[in-house]
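The values are calculated or read from the model by the stated rules, or taken from the named source; none is laboratory data. The model shown is predicted, which means the values in this text are computed figures rather than measured ones. Methodologically, a virtual Cβ is constructed for each residue, glycine included, from the backbone with ideal geometry; neighbour enumeration extends over all protein chains shown. For the accessible areas, the whole protein counts, side chains as well, though only heavy atoms, and no ligand, DNA or RNA atoms are used. Shrake-Rupley method; radii C 1.70, N 1.55, O 1.52, S 1.80 Å.
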Amino acid sequence: MLTTTSERTSSLEVLTELEAAALYRLMTWLSPAFPVGGFSYSSGIEWAVEAGDISDAASLRGWLSTMLTDGAGFCDAVFLVHAHRAVELDDMATLREVAELAAAFVPSRERQLETTAQGRAFIEIARSAWSRAGLDEAVAQCETIVYPVAVGLVGAIHEIPLRPLLHAFLHAVTSNWISAGSRLIPLGQTESQRVLAALESVVTATAARAASASLDEVGSSTFRSDLASLSHETQYTRLFRS
């Protein structure tokens, strides 16, 4: 069956100016090239590799799947969601509460360094290169800003829809974890991409669950991951800061 040029053109979905701007910023802010220093952190994966918990692609995939569904991935996603909604509603009291809870929820000193350093960097770069009215006022409400709160806050200020922002954030976090694992195990680039592909459904499910979760549902049961993060602080030889 032949398709005319006009039919092909009409079947294409044309982005509006606002949609194009949102996509451009998402691809920039959550790219590995955005200088928040994510490459310096492993979220305890370095210790897990040394301890033998992670030794190949399959064990890395299993570890990360659990972190996404029952650990930092889900918790951070919920904090992003509630920070985004608070800013959208101009509810600064709730934003303060979310920021405070998210900062208190970090299980170790190194993870606190990881998430607060990236949060500060994200805010400062967004402020310098992507300034927008209301950003400074929202940031001023938060005594400490961890990374997911920073992403949710800035995304809302720039009117980035929550769902794609949440998916992009979880994709970026997962990609960074895989990057750490690929250097530590080590894994080749193709095998690393297979792990990322295998986690696609997990990321999607985690995003959907986080989008409808209340703050009362935030909780982690990844005790081994938390122990890995704590143990990394005294690990003799280290490539990463966490």
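What to note about this one:
- For the range 79-87, Karplus couplings with θ = phi - 60° (6.51, -1.76, 1.60), whole Hz, Gly/Pro x: 5, 4, 4, 6, 5, 4, 5, 5, 5
- Shape call, the chain: gyration tensor on alpha carbons, a/c limit 1.5: oblate
- Enclosed volume per residue, in Å³, of the convex hull spanned by Cα atoms of the range 165-216: 80 Å³
- Probe 1.4 Å, accessible area per residue of the range 1-141, Å²: 53 Å²
- Estimated 222 nm signal from helices in the chain, with DSSP H stretches of n ≥ 4 weighted -39500 (n - 2.57), rounded to 500: -21500 deg cm²/dmol
- Residue-by-residue Karplus 3J(HN,Hα) for the range 103-111, coefficients 6.51, -1.76, 1.60, Hz, glycine and proline x: 5, 6, 7, 6, x, 8, 4, 5, 5
- The portion of the accessible surface of the chain made up by carbon and sulfur, rounded to a whole percent, is 54 (1.4 Å probe; DNA, RNA and ligands excluded).
- Among G188, G119, G44: highest mean-square fluctuation, GNM of the chain, C-alpha pairs under 10 Å: G188
- Low-density loop cleavage sites - chymotrypsin sites (Phe, Trp or Tyr not before Pro) in the range 94-169, where at most 14 other Cβ are within 10 Å (DSSP): W130
- 3J(HN,Hα) along the range 203-211, derived from phi through the Karplus expression 6.51 cos²θ - 1.76 cosθ + 1.60 where θ = phi - 60°, amounts to 4, 4, 5, 5, 4, 5, 5, 5, 5 Hz, with x in place of Gly and Pro.
- Over 18 Å [Cα-Cα, the range 17-59], rounded percent: 53 percent
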